[in-house]
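Chemist: First the structure, which I've put down as structure tokens, then a few questions once you've had a look.
Laboratory data are not the source of any read-out in this text; all were calculated from the coordinates shown. It should be emphasised that the depicted structure is a prediction, and the values quoted were computed from it without experimental measurement. Note: ideal-geometry Cβ built from the backbone for every residue, glycine included; neighbour counts use all protein chains shown.
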């Protein structure tokens with residue numbers, strides 16, 4: 001059984017389903033930065049709560065994160081249910097914040113969300129790509145990224161959240177990876193790791 | 001040198017940069033199905049045209065496909081330049097077709113684009129995932145997919161294009177993969193492979 005979130009919070013529009021070491025930390029970081037109110041339901045993956053019927057009714061693929069947005073109607077007339085961290089981020093940016101000011105910014109945000117979740121992830125996790133593709137992408141990113149300059153628009157947004165979250169995973173997942181050829185990325189990671197909203201979303205317990 | 005597209009076509013809004021065996025076939029298939037006019041610039045990857053300055057000015061990562069949309073202004077005041085096949089598909093659906101009728105349909109289309117390009121691709125191409133993750137995703141997809149029922153909204157759209165294009169790759173990339181446990185997916189692939197727009201986008205020469 002998944003514990004329902006408390007009754008007094010059920011009127012809130014957004015419920016994020018997450019769990020330890022899932023990409024739920026990405027939309028959660030975004031909502032913390034933007035001051036978007038949300039319920040958090042943390043599933044116990046060890047206990048396979050993400051494979052129980054209650055959660056499969058929300059995401060039939062049983063993957064985390066997922067978002068339920070009571071403020072919008074999905075195709076079945078029920079509140080909108082959404083999976084894929086990148087799609088959740090995009091929806092939050094487009095519908096629950098004022099980050100995106102034009103069709104061009106919308107398209108470019110989608111571009112970076114796909115780049116982070118697909119191209120960068122595949123370059124990292126597919127062993128045959130890691131030596132060939134990954135250094136080329138990182139060298140170019142090292143040129144493009146800067147802690148004070150958003151990837152899209154005038155303020156830190158969903159594109160920055162996805163890209164920075166992925167890059168900050170690098171030292172966690174690949175502790176032997178040498179990032180010294182990419183000083184701008186190293187500096188960006190250090191900046192990200194100090195942000196209180198990031199630390200809260202990642203579950204770090206600060207003194 | 002990349003051959004410029006003919007002068008008489010330069011007034012067209014959309015230029016797609018592609019090449020053999022790139023994901024350019026996905027947005028191209030979509031534009032063919034929807035009757036969206038476009039220029040196609042095919043780069044010679046063997047000759048490394050995608051690493052030449054002319055193309056790096058369009059996509060600094062040197063990856064195909066990329067789209068230039070003269071009808072929208074990018075952040076630098078020049079026509080919008082976009083990479084990532086999923087982001088190009090989303091932009092075409094949102095800005096150059098009438099597929100998407102609501103915020104919910106927009107969010108769900110983004111969800112399937114990420115699912116195809118990230119989750120499904122990683123399940124396939126990361127060896128450790130192929131045995132564990134891939135069959136679970138395929139079993140659920142086999143329940144959800146149907147040749148006559150779009151994934152989002154009332155008509156075949158960007159979500160169907162991305163998912164169907166990925167699934168139709170399976171027998172090409174993994175000829176030894178047994179798809180018989182997924183009869184609905186097999187039937188969908190057979191239907192896709194007969195579509196004239198798909199065949200044109202894939203570069204099949206029909207009699």
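Chemist: With no solvent and one equal point scatterer placed on each C-alpha of chain A, evaluate the Debye formula and give log10 I(q)/I(0) for q = 0.09, 0.12, 0.15 Å⁻¹, two decimals.
Modeler: -0.36, -0.65, -1.00
Chemist: Hey, fewest Cβ within 10 Å first, where do A:42, A:131 land in order?
Modeler: Listed from fewest to most nearby Cβ atoms, that is A:131, A:42.
Chemist: Relative contact order of chain B, please, whole-number percent, based on alpha carbon pairs below 8 angstrom and at least 6 residues apart.
Modeler: Across chain B, relative contact order equals 19 percent.
Chemist: I would also like to ask the following. At residue B:36 and residue A:101, where each label point lies 7 Å from the Cα along Cα→Cβ, what is the point-to-point distance in nanometres?
Modeler: Going from the residue B:36 label point to the residue A:101 one covers 2.5 nm.
Chemist: Another one. Compute the separation of the alpha-carbon centres of segment B:105-121 and segment A:115-145 and state it in Å as a whole number.
Modeler: Cα centres, segment B:105-121 to segment A:115-145: 20 Å.
Chemist: I've got another one for you. Quick one: if the Förster radius is 30 Å, what FRET efficiency do residue B:78 and residue B:21 give, using the C-beta to C-beta distance and rounding to 0.05?
Modeler: Result of the calculation: an efficiency of 0.55.
Chemist: Pairs of Cα atoms under 8 Å, at least six residues apart: use those to get the relative contact order of segment B:7-95, whole percent. Display every interim value, and only then the final one.
Modeler: Working: 135 pairs, mean separation 27.9, N = 89.
Answer for segment B:7-95 is 31 percent.
Chemist: Could you compute the FRET efficiency for residue B:48 and residue A:143, with r as their C-beta to C-beta distance and R0 at 22 Å, rounded to 0.05?
Modeler: E between residue B:48 and residue A:143, to the nearest 0.05, is 0.65.
Chemist: Turning to a different aspect of this structure: Just to confirm the numbers: residue B:78, label point 7 angstrom along the Cα-Cβ line, distances to the other copies in nm, shortest first?
Modeler: Taking the point 7 Å beyond Cα along Cα→Cβ, the inter-copy spacings are 4.7 nm.
Chemist: Where the centroid of each part is defined by its Cα atoms, how far is segment B:146-167 from segment B:39-92 in Å?
Modeler: Rounded to whole Å, the Cα centres lie 25 Å apart.
Chemist: Sticking with this structure for a sec: For n ≥ 4 DSSP H runs only, could you compute -39500 (n - 2.57) per run for chain A, divide by its residues and tell me the 222 nm figure to the nearest 500?
Modeler: Helix-only estimate at 222 nm: -12500 deg cm²/dmol.
Chemist: Rg to Rh ratio, segment B:37-140, alpha-carbon atoms and Kirkwood radius?
Modeler: 1.05
Chemist: Just the number, please: percent antiparallel of the DSSP beta bridges in segment A:7-95, rounded to the nearest 5.
Modeler: On the way: 9 of 13 bridges.
Counting DSSP beta bridges with both partners in segment A:7-95, the antiparallel share is about 70 percent.
Chemist: Which of A:34, A:194, A:200 comes first, and how do the rest follow, when ranked by fewest Cβ neighbours within 10 Å?
Modeler: Fewest-to-most Cβ neighbours within 10 Å comes out as A:194, A:200, A:34.
Chemist: Considering only the label points, 7 Å along Cα→Cβ from Cα, what distances in nm to one decimal separate residue A:199 from the same position in each other copy, shortest first?
Modeler: 6.2
Chemist: Okay, next question. Could you tell me which residue in chain B puts its beta carbon nearest the axis mapping B onto A, with the distance rounded to whole Å?
Modeler: Residue with the nearest Cβ, plus whole-Å distance, for chain B: B:118, 2.
Chemist: Same structure again: Please give the contour-minus-distance gain from residue A:204 to residue A:154: 0.36 nm per residue of separation, less the Cα-Cα distance, rounded to one decimal in nm. Before the final figure, lay out the partial values.
Modeler: Values: separation 50, 0.36 × 50 = 18.00 nm, distance 2.86 nm.
Between residue A:204 and residue A:154, full extension yields 15.1 nm more.
Chemist: So how do B:109, A:110, A:119, A:191 line up by other beta-carbon neighbours within 10 Å, fewest first?
Modeler: Working: B:109 27, A:110 32, A:119 22, A:191 15.
Ordered from fewest to most neighbouring Cβ atoms within 10 Å, B:109, A:110, A:119, A:191 come out as A:191, A:119, B:109, A:110.
Chemist: Using a label point 7 Å beyond Cα on the Cα-Cβ vector, give me the inter-copy distances for residue A:143 in nanometres, one decimal, shortest first.
Modeler: With the label placed 7 Å along Cα→Cβ, residue A:143 yields 4.7 nm.
Chemist: Is the C-alpha gyration tensor of segment B:103-200 telling us rounded, prolate or oblate? Criteria: a/c under 1.5 is rounded; beyond that, a/b larger than b/c is prolate, otherwise oblate.
Modeler: Numbers: a/c = 1.70, a/b = 1.23, b/c = 1.38.
Note, shape of segment B:103-200 comes out oblate.
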